[in-house]
Amino acid sequence: MRIFVNDKPLELISYEELDSEKTYEHIYRQTDEIPSDVEWEEDVIFHEPSHDLIIRLLYLLRTRKMKNLDSVTLVSEDKKALKAFVKSRFLIVKAAGGLVSKKDKILMIYRLGKWDFPKGKMDRGETPEQCAKREVEEECNIMVKLRTPILKTWHTYTQNRKSILKKTYWYSMDSLNDATMKPQIEEGIEDIQWMSEADAKTALINSYPSMRYLFKHYLKMQLKPHKA
């Protein structure tokens, strides 16, 4: 499970998932304390972190911009309990969206000063698939057809002093009709464009790390042979 906290990836893994080839610049054991003046660089790992340590770590990640930090990994024998505790520190909000393609182009929106992909919060009683299709069609004024799930992204933010963890379901989609395509201005969308893969990669420089992670995963999926 990968959660983006203040745009930094927080990995929650089991020891079976731990890459023996990967090196970490900072390694902490269960009994280790986090220094108050910590300035992490590159990759950090915590083995069997206590609840108190996790709480402090989440606070640090949410409140400090650590420019030289690449990733934080929490590894535990009980990954299920680790995930449950981390999620318990947030109010969970569910959303869904899509990466829409038309021939060799991908649809991108420009919102709040960054390039993004269309998505939105799930309504009560709605399935992720229904939400993804509705939100893409509403935000871009197009008609789409769902293809396959891509992945789920997790990222945190603060709203009304509450710590929110947003779980977003992503799907690949085909454009059926974009004749009346226009941005949903009331949702803060200023522009919509069909982009080539190269142009999308360039646009994503001015985006969120979670969106670059999503697009990279999407491209990997496109390279896999389709079943007949």
Pair list, Cβ under 7 Å, 6 or more apart: the range 63-81 residue within 22 Å of SER163 (Cβ to Cβ) and in a helix (DSSP H, G or I), other residue of a type outside the set (Gly, Ala, Ser) and open to solvent by less than 10 Å² (accessible area, probe 1.4 Å): LYS79/LEU12
Hits in the range 81-126 - residues which are closer than 24 Å to LEU12 by Cβ and charged (D, E, K, R): LYS83, LYS87, ARG89, LYS94, LYS119, LYS121
Qualifying residue in the range 216-228 (condition: among the hydroxyl-bearing types (Ser, Thr, Tyr) and either under 21 Å from GLY120 (Cα atoms) or open to solvent by 90 Å² or more (accessible area, probe 1.4 Å) (or both)): yes
Any hit, the range 12-21, residues being modelled with pLDDT of 95 or more and under 30 Å from ASN177 (Cβ atoms): no
Residue match in the range 51-72 (condition: under 24 Å from LEU151 (Cα atoms), open to solvent by less than 40 Å² (accessible area, probe 1.4 Å), polar (S, T, N, Q) and more than 19 Å from the chain's Cα centre (by Cα)): no
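Please specify each residue of the range 158-174 satisfying the condition of being over 16 Å from GLU129 (Cβ atoms), out of contact with any helix residue (DSSP H, G or I) (no Cβ under 9 Å at 6 or more places or on another chain) and in a strand (DSSP E or B).
Residues of the range 158-174 over 16 Å from GLU129 (Cβ atoms): 158-166.
Those left that are additionally out of contact with any helix residue (DSSP H, G or I) (no Cβ under 9 Å at 6 or more places or on another chain): 159-162, 164, 166.
GLN159, LYS162, ILE164, LYS166 - these are the residues of the range 158-174 that are over 16 Å from GLU129 (Cβ atoms), out of contact with any helix residue (DSSP H, G or I) (no Cβ under 9 Å at 6 or more places or on another chain) and in a strand (DSSP E or B).
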Qualifying residues in the range 114-135 (those that are assigned to a loop (DSSP other than H, G, I, E, B) and not hydroxyl-bearing (Ser, Thr, Tyr)) - the one surrounded by the most Cβ atoms within 10 Å (Cβ to Cβ): PRO118
Filtered residues of the range 118-138 (kept if farther than 19 Å from LEU165 by Cβ and touching a helix residue (DSSP H, G or I) at 6+ places or on another chain (Cβ under 6 Å)): PRO118
Complete set of residues in the range 125-161 that are under 30 Å from ARG64 (Cβ atoms) and without any contact (Cβ under 8 Å) to a residue 60 or more places away in the chain: LYS152, TYR157, GLN159, ASN160, ARG161
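Filtering the range 154-182 down to residues that are among the small types (Gly, Ala, Ser) and within 10 Å of MET143 (Cβ to Cβ), which residue is most open to solvent (accessible area, probe 1.4 Å)? First the steps, then the outcome.
Filtering the range 154-182 down to residues among the small types (Gly, Ala, Ser) leaves 163, 172, 175, 179.
Within this subset, residues satisfying the condition of being within 10 Å of MET143 (Cβ to Cβ) are 175, 179.
Values: SER175: 27, ALA179: 88 Å².
So, considering only residues that are among the small types (Gly, Ala, Ser) and within 10 Å of MET143 (Cβ to Cβ), the one most open to solvent (accessible area, probe 1.4 Å) is ALA179.
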Neighbours by Cβ (under 6 Å, 6+ apart or cross-chain): first from the range 14-27, among the small types (Gly, Ala, Ser); second modelled with pLDDT of 95 or more: SER14/LYS79
Pairs where the first residue, in the range 98-117, is in contact (Cβ under 8 Å) with a residue 40 or more places away in the chain and the second is crowded, with 16+ Cβ neighbours inside 10 Å and in a loop (DSSP other than H, G, I, E, B), C-beta under 6 Å, 6+ apart: LEU99/PHE117; ILE109/PRO118; LYS114/SER207; TRP115/SER207
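Please verify whether LEU204 is within 14 Å of the chain's Cα centre (by Cα) and assigned to a helix (DSSP H, G or I), treating the condition exactly as stated. Break it down stepwise before answering.
Working: within 14 Å of the chain's Cα centre (by Cα): yes; assigned to a helix (DSSP H, G or I): yes.
Criteria met by LEU204.
The values are calculated or read from the model by the stated rules, or taken from the named source; none is laboratory data. Because the structure is a prediction, the values reported are computed rather than measured. Note that we place each Cβ from the backbone using ideal geometry, even for glycine, and neighbour counts take in every protein chain shown. Remember, those area values only see protein heavy atoms, side chains included, never the ligands or the DNA or RNA. Shrake-Rupley method; radii C 1.70, N 1.55, O 1.52, S 1.80 Å.
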